[in-house]
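The values are calculated or read from the model by the stated rules, or taken from the named source; none is laboratory data. Computed from a prediction, not measured in an experiment: that's the story for all the values here. All Cβ positions, glycine included, derive from the backbone under ideal geometry; neighbour counts span all protein chains shown.
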């Protein structure tokens, strides 16, 4: 009997619990960016997928020149044909593969109801329709289910309940039950996706490592975990900690640094570049076959390709033509500007490694690569050599 062909994209597991991503049986390390090319003056509802000026072709060329091999989309478009065109253009023209995700209804109104069977069926249909639609596109790399949905367990964001949950007075027990319900749902989705599409891995999207000890038992059919991490220059003990909580391969599906110094009230491209270089060094260090790392990292998709001018006040369209420098959240891991007023130092509109100019070229905002673009371009050419050079420099 003929042997079954190997999946197009698969994860190789070694005896020492190291992991490696393979595409067409060749090693593939994800050097990626989260991608949402929304122009100045538009908001998140803008359909860039159908933009007649085709921003992905301008960006794809710049990405290819930099060394980016993967983009991450958080959600597919409403029009599948436009989605296929973007995915295929990026792959066929520039060799850039796509990670396609689904919010799992997390930002719908009213709040997500993961304990409700009707809601679960609705989301399952959407996810499986996405897989059926795109699974045979040659540019697809893998699927991500959810993003930071686990933050709802502790009622921090989009809290949800059920008669069973609502009668529990202990918030920790409510959190644990929500996690069990949600992760079991994720596992059911993963099993059905694998039946439809054996060629692409399925990732659990998660904010930090929170509640993954529950996912460890509830999600045996998940292939890898995609975590959102904002810990500054370093990921700390993340890669080793993951082995203790949810021993799966990992991609850092959202991380980065903004380029605005909220304390000095001016742009600081040097600091953004410094942070991003440090983060990418850790990704490579913890990938196979680097024996001084955890060897469970498959790469990452940094946040983000281009600035988004609508982010600060998404409900006020009159502000979307202003590159706002006001911050509304704080993170001490980004120490260079934590002394800003009220410690508000994270600037949502300044995370791009490419800035958007108000100057228009061929119908699009002109792209201006920042210092981090050029620094990473050089680093990616030979990360192993650069890593050794860095260690030599420290030893002198």
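Overview of results
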| quantity | calculated |
| --- | --- |
| Answer residue from the range 37-51, given it is within 20 Å of the chain's Cα centre (by Cα) and surrounded by 17 or more Cβ atoms within 10 Å (Cβ to Cβ) and is farthest from residue 320 (Cα to Cα) among those | 49 |
| Residues of the range 283-294 satisfying the condition of being closer than 20 Å to residue 32 by Cβ and either surrounded by fewer than 21 Cβ atoms within 10 Å (Cβ to Cβ) or in contact with a helix residue (DSSP H, G or I) (Cβ under 8 Å, 6 or more places away or on another chain) (or both) | 284, 285, 286, 290, 293, 294 |
| Filtered residues of the range 1-22 (kept if crowded, with 17+ Cβ neighbours inside 10 Å and not in a loop (DSSP other than H, G, I, E, B)) | 9, 10, 19, 20, 21 |
| From 256, 205, 232, residue being surrounded by fewer than 21 Cβ atoms within 10 Å (Cβ to Cβ) and touching a helix residue (DSSP H, G or I) at 6+ places or on another chain (Cβ under 9 Å) | 232 |
| Residues of the range 208-218 satisfying the condition of being crowded, with 21+ Cβ neighbours inside 10 Å and in contact with a strand residue (DSSP E or B) (Cβ under 9 Å, 6 or more places away or on another chain) | 212, 215 |
| Number of the exception - residue 45 against (1) touching a residue at least 40 places away in the same chain (Cβ under 8 Å); (2) more than 19 Å from residue 140 (Cβ to Cβ); (3) in a loop (DSSP other than H, G, I, E, B) | (1) |
| Index of the failed condition, residue 240 passing every other in (1) in contact with a helix residue (DSSP H, G or I) (Cβ under 6 Å, 6 or more places away or on another chain); (2) within 29 Å of residue 333 (Cα to Cα); (3) surrounded by fewer than 17 Cβ atoms within 10 Å (Cβ to Cβ); (4) in contact (Cβ under 8 Å) with a residue 40 or more places away in the chain | (1) |
| Residue in the range 302-312 that is at pLDDT 95 or above, in a helix (DSSP H, G or I) and within 23 Å of the chain's Cα centre (by Cα) present | no |
